[in-house]
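The values are calculated or read from the model by the stated rules, or taken from the named source; none is laboratory data. Computed from a prediction, not measured in an experiment: that's the story for all the values here. Please note: Cβ atoms are built from the backbone with ideal geometry, for glycine as well, and neighbour counts cover all protein chains shown.
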Amino acid sequence: MVFCINCGQQHPDGTRFCRFCGNQQPGEQLLQRLRIEAQQIQSIRLQMQAQQNQNNPYQQRRW
Ligand SMILES: [Zn+2]
């Protein structure tokens, strides 16, 4: 099952348009791309957090 990104109603997989609000649903390719982007952002965040933990807190405040 998928959910409409606009109105939040449930749809069977593969629905192109929302039955309730007419919003176009993201395709599988787009969803996959978004998942990859989210993973990349998460890994960058983890790296930044790791660097901040290593850094001196006084140096952090300068930027
Ligand atoms: Zn909808």
Return the residues of segment 29-63 that are among the charged types (D, E, K, R) and modelled with pLDDT of 75 or more; say none if nothing qualifies. R33, R35, E37, R45
Inspect segment 13-20 for any residue being away from the ligand (no atom under 16 Å from the Cβ), at pLDDT below 90 and acidic (D, E) and give the result as yes or no. no
